[in-house]
1. Could you run through segment A:82-140 and say how many residues are of a type in the set (Ser, Thr, Tyr) and either part of a loop (DSSP other than H, G, I, E, B) or surrounded by 22 or more Cβ atoms within 10 Å (Cβ to Cβ) (or both)?
2. When the residues of segment B:42-63 are filtered to those that are open to solvent by 30 Å² or more (accessible area, probe 1.4 Å) and farther than 30 Å from A:Arg98 by Cα, which remaining residue is nearest to the other protein chains (Cβ to nearest Cβ)?
3. Regarding segment B:274-288, can at least one residue be identified that is outside any helix (DSSP H, G or I), open to solvent by 40 Å² or more (accessible area, probe 1.4 Å) and either free of Cβ contacts under 8 Å to residues at least 40 places away in the same chain or within 30 Å of A:Leu50 (Cβ to Cβ) (or both)?
4. Scan (1) at positive phi; (2) more than 10 Å from chain A (Cβ to nearest Cβ); (3) of a type in the set (A, V, I, L, M) for the single condition B:Leu89 breaks and write down its number.
5. Of all the strands (runs of 3 or more DSSP E) wholly in segment B:156-210, which have at least 1 residues that are buried (at least 24 other Cβ atoms within 10 Å of the Cβ)?
6. Could you please find all residues in segment A:166-200 being outside any loop (DSSP other than H, G, I, E, B), of a type in the set (A, V, I, L, M) and over 17 Å from A:Ala215 (Cβ atoms)?
7. Return the residues of segment B:15-41 that are away from every other protein chain (no Cβ under 14 Å) and surrounded by fewer than 21 Cβ atoms within 10 Å (Cβ to Cβ); say none if nothing qualifies.
8. Quick check on segment B:254-267. Is at least one of its residues in contact (Cβ under 8 Å) with a residue 40 or more places away in the chain and closer than 24 Å to A:Ala245 by Cβ?
Amino acid sequence: MRRFDTIVTANRPVADGYRELRFAWPPDDGRRADDGREADDPAPGRFFTLRAGGRYDPALRRPFAFSDWRPSGRRPSGGEDGGAIAGEAACVFQLRGRGTAHLATLRPGDSLDVLGPLGRGFAKPPRGARPLLIAGGIGVGPMLYLAAALAADAAAGLCEAPILAVGARTAALVPVGLLPAGTAVCTDDGSAGFRGTVADWLASFDPGLPPAFYACGPAPMMAAVAAVAASRRAPYEAAVEQWMACGVGACAGCAVRLRSGDYVKACSDGPVLDGGLVDWEAMA
Amino acid sequence: MTDDRNLGVTIRGMTMPNPVGVASGAFGYGEEYEALVDLDALGAIYTKAVTPEPRPGNPAPRLADTPAGMLNSIGLANPGLDAFVADKLPFLRGRRCSVVVNVAGKTEDDYLRVVERLDGEAGVDGYEINVSCPNVAHGGLAFGTDPAQVERLTRRLADARSKAPGRPIIVKLSPNVTDITAVAKAAEAGGADALSCVNTLVGMVIDVKARRTVLAMGTGGLSGPAIRPVGVACVYKASRAVSIPVIGLGGIASADDALQYLLAGAVAVQVGTALFSRPEAPLEVLDGVRAFMEREGVGSVADIRKLLR
């Protein structure tokens, strides 16, 4: 992780009240983790925080999952570690308060203060399992990146092709332009796609293979996916959303309650947690 | 360049290499920030609170965004004394900066247990006694608002030092009192070596749409630039009421913020909430304080207060 100042490359509306923010990801120092992975690997499910306004007001940075990350194609030949990697990162955000109102005003070329990548991302699906990606509302962000990554893995024969289902109250809240072909769209009012919640859709869907669930969305949806995953004895990788202060595991502000009664930190234990262990009622 | 010796601050047997520390609760146990902050450049790390037993902390949500600040109700979540010694202290041992352990509990005996156990452990330079946490039902603020209890607790803790008698007892005061000087004097009378001013202010945010408090616990502790004038006033008053050193904190994000506290009477400062927005804030504060001392020809940090007109 590192904190850096970079520039915005794009900021556009993608649905009613939803925007996609893209920014340059400067090269890191090429460090690699002990297990050989990139120490600063911006993997699906991980996140970053943005300063959204003045330097200390708002006092809290705003956390966002990567909705995309792509290398800029340049991999300078460095030492044996392969050199530094630069790229472009993105998130999808919903206009909710003063922080996101500020982010909405950013234009290409504006500076952006980023801290990341942070947290623990999604695990790979088991061999032979069908990845079922369930997104509700603004939870679509991390699932877009995961869907793209798993599709690439599937094309390389590393896993089965993922299926993405996206739920929203109404069609205007669905970021249609960002969705990969074949996405199952669900709307509460039936204005687009399946009429009903993604949980309703899921109950009647046959994945053909043993499923591996991935989800991000409101607590009732997450709880519904937990019930389905439990009934099918399937793994469930759940990305949680919580207010955060430090983002690095120091302050314990982003506590998420587990069914055991223990608390874990969304920022450093998560944001991807075993969805079967989370107390979703406490998150509501 | 000012000689680094001039930046040092000595309290009892502890000498901090410089006056800028990181506040308890904002910096974990140091390790969490290792990738972002040069720990050896800090004056002191005030650890997250340590209680005798592990504490899971309060129900979520624990945080709320407020104008120029934040509200927290963490509830002293910490792994407990044994885990602190086994898992957290080794990382802190041998640091160039001072390591001050923030001590908390429900009862006086809880505080005593922590200090007695740490007395025999290397790697601790001092104790900050948290008698001002607004987010726990017992201990914390319930202690910090009663001068007689502060005096008695401070005396018991001061007397508990045996193997490491040079470690200072620093009592962290609450601004949630009518007269902070009464509590400051009580801590001094009990044998405190220094005071930290101030902990958070009790606050509440209500979500009007949902018609409920944003924090699960209702109230929380307000921190950040919003409380800085309160903290500066408390340091000004407390430092004139006692003869022991005062460490200032509350909304410090820049060198000028720190200098307000130092001019008001503090001998050192802590940066807390600003870390969340900008992890390098304490080092920027230090650079600015050093530049000020050079510019003004001030020989030691403790002399900055003499410049106040």
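The values are calculated or read from the model by the stated rules, or taken from the named source; none is laboratory data. Small disclaimer: the values here were computed from a predicted structure and weren't measured. Positions of Cβ are generated from backbone atoms using ideal geometry, with glycine treated the same way; all protein chains shown enter the neighbour counts. We work out accessible area using only protein heavy atoms, side chains counted, and drop any ligands, DNA or RNA first. Shrake-Rupley method; radii C 1.70, N 1.55, O 1.52, S 1.80 Å.
1. Going residue by residue through segment A:82-140, those that are of a type in the set (Ser, Thr, Tyr) are A:100, A:105, A:111.
Checking the rest, the ones that are also either part of a loop (DSSP other than H, G, I, E, B) or surrounded by 22 or more Cβ atoms within 10 Å (Cβ to Cβ) (or both) come to A:105.
The total comes to 1.
2. Going through segment B:42-63, the residues open to solvent by 30 Å² or more (accessible area, probe 1.4 Å) turn out to be B:53-56, B:59, B:61.
Subset that is farther than 30 Å from A:Arg98 by Cα: B:53-56.
Values: B:Glu53: 14, B:Pro54: 10, B:Arg55: 10, B:Pro56: 5 Å.
Per the stated criteria, the residue is B:Pro56.
3. First pass over segment B:274-288, keeping only residues outside any helix (DSSP H, G or I): B:278-280.
Remaining after also requiring open to solvent by 40 Å² or more (accessible area, probe 1.4 Å): B:280.
After this cut, where a residue has to be either free of Cβ contacts under 8 Å to residues at least 40 places away in the same chain or within 30 Å of A:Leu50 (Cβ to Cβ) (or both) as well, the list is B:280.
Yes, segment B:274-288 has at least one match.
4. (1)
5. On the way: elements: B:169-173, B:194-197, B:201-204.
Hits in segment B:156-210: B:169-173, B:194-197.
6. Quick first cut of segment A:166-200, residues outside any loop (DSSP other than H, G, I, E, B) only: A:166-168, A:171-173, A:176-178, A:184-187, A:194-195, A:198-200.
Now restrict to residues that are of a type in the set (A, V, I, L, M): A:166, A:168, A:171-173, A:176, A:178, A:184-185, A:198-199.
Correct list: A:Ala171, A:Ala172, A:Leu173, A:Val176, A:Leu178.
7. First pass over segment B:15-41, keeping only residues away from every other protein chain (no Cβ under 14 Å): B:15-21, B:40-41.
The answer is B:Thr15, B:Pro17, B:Asp40, B:Ala41.
8. Quick first cut of segment B:254-267, residues in contact (Cβ under 8 Å) with a residue 40 or more places away in the chain only: B:258-259, B:262-267.
In the following step, the residues that additionally are closer than 24 Å to A:Ala245 by Cβ were identified as B:258.
Yes.
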